[in-house]
Amino acid sequence: MYGKGIVKGLGITLKRLIETYIDDIKWGKKRYNTDEGIAHRMSKDARGIFTVQYPEEKIPVPEEFRFIPFLIYEVDENGEKIERCTSCGICAKVCPSQCIWIERTKDPKTGRPVPVPAEFYIDIDMCLNCGLCAEYCPFDAIKMDHDYELASYERTIYNKEKLLKPVSYYASIRPRNYEREEKARAKAAAIKNARKKQNIR
């Protein structure tokens, strides 16, 4: 009984090995290090060994994949950065691992808070990648990234400079979400303008 099982298992392994070489000959150089080859090896039609040769090859992540958070900034007509974050602190309050710290900017004359963070820190080692900070942000200022290659030998704390990324980057990694959000933003702006016109009249 045990001997038959071992032979059967070795037969499956041998079959996979032979099918790998057949697929390699059939596909040629297109099987490895190409988007087409990775897609084929991920499909149900794949034969033989279909592992991805990481880090040379990487499986494309889905749009809703989330890793560490990042902050969004827009660029105005003069080419200046306009940060969406107002340092309201909601993201830090909802964070289950308490890995977000925000330093608020204060007006030097009045001492009152200014709606731009002086500094924004995220402890990447503590981050759970849950996405609650992005979910609760009322200004769409914090989003979840696709970058998962963050291995390091030291504790990783990202500051505002490292966290800030342009809106164009967000649009490139999450095009459908970006399009949906922009439509909602345009609709809200149209309603606001219509109300202003009614008040003027």
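The values are calculated or read from the model by the stated rules, or taken from the named source; none is laboratory data. Not measured: the values here are computed from a predicted model. Counting neighbours? That spans all protein chains shown, and the Cβs are built from the backbone with ideal geometry, glycine included.
Residues of region 48-56 include at least one that is assigned to a loop (DSSP other than H, G, I, E, B) and in contact with a Leu (Cβ under 9 Å, 6 or more places away or on another chain).
Give the residue, chosen from THR13, THR34, that is over 30 Å from TRP101 (Cα atoms), of a type outside the set (D, E, K, R) and loosely packed, with under 12 Cβ neighbours inside 10 Å. Give the steps one after another, and end with the answer.
Details: THR34 fails: loosely packed, with under 12 Cβ neighbours inside 10 Å.
From the options THR13, THR34, the qualifying one is THR13.
Summed over region 138-150, the residues that are under 16 Å from the mean Cα position of the chain (by Cα) and in a loop (DSSP other than H, G, I, E, B) give a count of 8. One residue stands out in region 85-99 among those that are in a helix (DSSP H, G or I) and not aliphatic (A, V, I, L, M): the one that is surrounded by the most Cβ atoms within 10 Å (Cβ to Cβ), namely CYS91. Against the test of being outside any loop (DSSP other than H, G, I, E, B), outside the structural domain of ASN129 (by TED's automatic domain parsing) and modelled with pLDDT of 85 or more, the options ILE82, ILE6, ILE102 yield a single qualifying residue, ILE6. In this structure, does ILE90 turn out to be in the same structural domain as SER168 (by TED's automatic domain parsing), under 19 Å from the mean Cα position of the chain (by Cα) and among the aliphatic types (A, V, I, L, M)? When the stated conditions are applied, ILE90 does not pass them. What are the residues in region 9-47 that are of a type in the set (A, V, I, L, M, F, W, C) and part of a helix (DSSP H, G or I), if any? Result: LEU10, ILE12, LEU14, LEU17, ILE18, ILE22, ILE25, TRP27, ILE38, ALA39, MET42.
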